[in-house]
Amino acid sequence: MTTKIAVFASGSGSNFQAIQEAILRGELDATIELVVTDKPDAFVVKRAEKFEIPVFSFTAKDYKSKADYELEIIKVLQEKEVEWVVLAGYMRLIGETLLAAFPYHIVNIHPSLLPSFPGKDAIGQAMDHGVKITGVTVHFVDEGMDTGPILAQAAIEVVEGNRAATEERIHAIEHVLYTETLKQLFENKVNIYH
Ligand code: GRF
């Protein structure tokens, strides 16, 4: 059965696009029902429009609390019968309201080999630390910052002194690993309850 998903993003949306292209190529049996963004001007909105995928944008400061905007997001997700929430560069911590509505059905991709370098600018953190190998992690989302159970990882070599080249390697591997991991999840090939 085709799995209905929503992609949450705050920035460029290259992972969103990679997932959508994999769907269009028939590699992933899913539909992106909705893009959710907290940055109405983010480039991901343009990408979503190109694919004619609806966007729900919100501005956090217009709401009294995280629970308030998450309740509104949940309403839209339920209207669209979304089963999985896929975070792809969404720069906000998921709150207990959304977590409770989608238990073990929210995943994230992070550009480091967790548990190393959680949080913002993981690529910069890794390079500043001088690691030779870094990578990407796909994991379930819990209440922490990049702390949930790990589903998949892939490594790349850092291009010393060259952030742009390292970043390019990270993105290239993200675009493959995310789709592959989602495929496994949607086909129930991983034990999601650990
Ligand atoms: C990716 O590196 C992802 O790992 C991180 O945010 C970045 C999003 O990139 N969580 P994009 O917006 O998908 O291009």
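Structure data summary
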| quantity | calculated |
| --- | --- |
| Pairs with Cβ under 8 Å, 6+ apart, first in the stretch 10-31 and in contact (Cβ under 8 Å) with a residue 24 or more places away in the chain and more than 17 Å from Glu49 (Cα to Cα), second within 12 Å of the ligand (Cβ to nearest atom) and part of a helix (DSSP H, G or I) | Leu28/Ile19; Ala30/Ile19 |
| Tally of residues being away from the ligand (no atom under 14 Å from the Cβ) and either within 16 Å of the chain's Cα centre (by Cα) or among the hydroxyl-bearing types (Ser, Thr, Tyr) (or both) across the stretch 1-22 | 5 |
| Subset of the stretch 86-100 [open to solvent by less than 40 Å² (accessible area, probe 1.4 Å) and without any contact (Cβ under 8 Å) to a residue 60 or more places away in the chain] | Ile94, Gly95, Thr97, Leu98, Leu99 |
| Failed criterion for Val82 (all others in (1) away from the ligand (no atom under 16 Å from the Cβ); (2) under 22 Å from Leu34 (Cβ atoms); (3) surrounded by fewer than 21 Cβ atoms within 10 Å (Cβ to Cβ) hold) | (3) |
| Scope the stretch 75-95; condition among the charged types (D, E, K, R) and under 18 Å from the mean Cα position of the chain (by Cα); matching residues | Glu83, Arg92 |
| Test: Arg169 is among the basic types (Lys, Arg) and in contact with a helix residue (DSSP H, G or I) (Cβ under 7 Å, 6 or more places away or on another chain) | no |
| Selected residue [farther than 22 Å from Thr3 by Cβ and either within 14 Å of the ligand (Cβ to nearest atom) or modelled with pLDDT under 95 (or both)] from Ile170, Ile192 | Ile170 |
| Filter result for the condition that a residue is closer than 13 Å to Phe16 by Cβ and of a type outside the set (D, E, K, R), over Leu34, Leu71 | Leu34 |
| Which listed residue, of Val131, Val136, is crowded, with 17+ Cβ neighbours inside 10 Å and either modelled with pLDDT of 95 or more or touching a Pro at 6+ places or on another chain (Cβ under 6 Å) (or both) | Val136 |
| Single unsatisfied condition, Ala152 versus (1) within 13 Å of the ligand (Cβ to nearest atom); (2) among the aliphatic types (A, V, I, L, M); (3) surrounded by fewer than 14 Cβ atoms within 10 Å (Cβ to Cβ) | (3) |
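The values are calculated or read from the model by the stated rules, or taken from the named source; none is laboratory data. What you see is a predicted model, and the numbers here were worked out from it, not measured in a lab. FYI the Cβ positions are ideal-geometry reconstructions off the backbone, even for glycines, and counts take in every protein chain you see. Just so you know, the surface numbers come from the protein's heavy atoms only, side chains and all, with ligands and any DNA or RNA stripped out. Shrake-Rupley method; radii C 1.70, N 1.55, O 1.52, S 1.80 Å.
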